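Each value in this text was obtained by applying a stated rule to the coordinates, not by laboratory testing. On a predicted model such as this, the values are computed, not experimentally measured, just so you know. No Cβ is skipped: glycine too gets one built from the backbone with ideal geometry, and neighbour counts run over all protein chains shown.
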């Protein structure tokens, strides 16, 4: 919801929506590309990375489900979009899709979806960080509804579904137009995600250190040289406080090992996070703003091994063949520890030159 501040008395006046996106138009806005082959959902809207499996997929009953996706745990996610208010019955429609799609698990999931939609095992493993068991793909499903607003009866059904083990979330959107510019805002209206999907963590230090891919974003030699020289990793997104870029960097804990990835070049080095408290958002135009307003979220890292040139990187194909690790789909993806340690050893042999 958007409000205008009245100049006369400073009170709030609700701004009505002045354009109405159609459902297919809204769907288009919510889907983005990580690279030329992989489509994902806009994680700044959903609050988590989601891999697009299929959109407008026809069911056995000849109906069309809006979006079917996978989350980071390999769980199926039914996403239904409504142009206006989500009322009683929309969740029943989503449940019908969930019941049908949840039948496809493990190998049958790929037989069902890979041929027509291009969601191969490699794509899924890249998204999941190469740590998934095929038999566990799509063994648990959940529902996300997106609408302009929601009737409270939908929330009541959501409470009941969550008590039966079906995670349920409602996201509202608000469209507005100012001059020639159109805007969409999103907010979570109702969320009953299962604890197993979203564990409650009071202190990030509770998590054991792991091994992660981190996409440097700009696959340019000058950018990589800057990151190495200043001992930093970076993200962008909205380049604003609290956005997805900040969340990614502040999720790292002391002892995390981070493998730098450059698109087209592969693994170009790795380092260790020693103090997550060094996170900062570089001011626009500051001396460190070498990416011209982009990639301004920064976190200090102690580089252990770095390639002098991007072209010296260990290619994605070679990493997959030698270590059974798939290159990342999104900015930060965890790796299997044993495979990741073998990759770190190889990077140390090749690039063990960091000071």
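Taking the Cα atoms only, what angle lies between the long axis of helix 107-117 and the longest principal axis of the chain, rounded to 10 degrees? Taking Cα atoms only, the helix is inclined about 80 degrees. A Förster radius of 25 Å, combined with the Cβ-Cβ distance separating residue 219 from residue 121, puts the computed FRET efficiency at roughly 0.45.
Summarising the label geometry, the points placed 7 Å from Cα in the beta-carbon direction at residue 349 and residue 153 lie 6.6 nm from one another.
Taking the longest Cα principal axis of the chain as reference, the axis of helix 90-101 is set at about 50 degrees. By the equivalent-ellipsoid construction on the alpha carbon gyration tensor, the chain comes out with semi-axes of 36, 27, 18 Å, ordered largest to smallest. If both residues of a DSSP beta bridge must be in the chain, then about 75% of such bridges are antiparallel. Compared with the direct C-alpha span, the chain from residue 85 to residue 185 gains 34.4 nm at full extension, assuming 0.36 nm per residue. Taking Cα atoms, how many degrees apart are the long axis of helix 337-351 and the longest axis of the chain, rounded to 10 and kept between 0 and 90? Computed tilt is about 40 degrees. If R0 equals 45 Å, the separation of the Cβ atoms of residue 135 and residue 29 corresponds to a calculated FRET efficiency of about 0.85.
On the beta carbon distance between residue 341 and residue 317, with R0 = 30 Å, the FRET formula returns roughly 0.90. Computed from label points 7 Å out along Cα-Cβ, the spacing between residue 208 and residue 13 is 6.0 nm.
Length available on full extension from residue 289 to residue 230: 0.36 nm per residue minus the Cα-Cα distance, which gives 20.0 nm. Estimated from helices alone, the mean residue ellipticity of the chain at 222 nm is -8000 deg cm²/dmol (sum of -39500 (n - 2.57) over DSSP H runs with n ≥ 4, per residue).
Please compute the contact order of segment 204-351 in relative form: average sequence separation of alpha-carbon pairs under 8 Å and at least six residues apart, divided by the residue count, as a percent. Answer for segment 204-351 is 31 percent.
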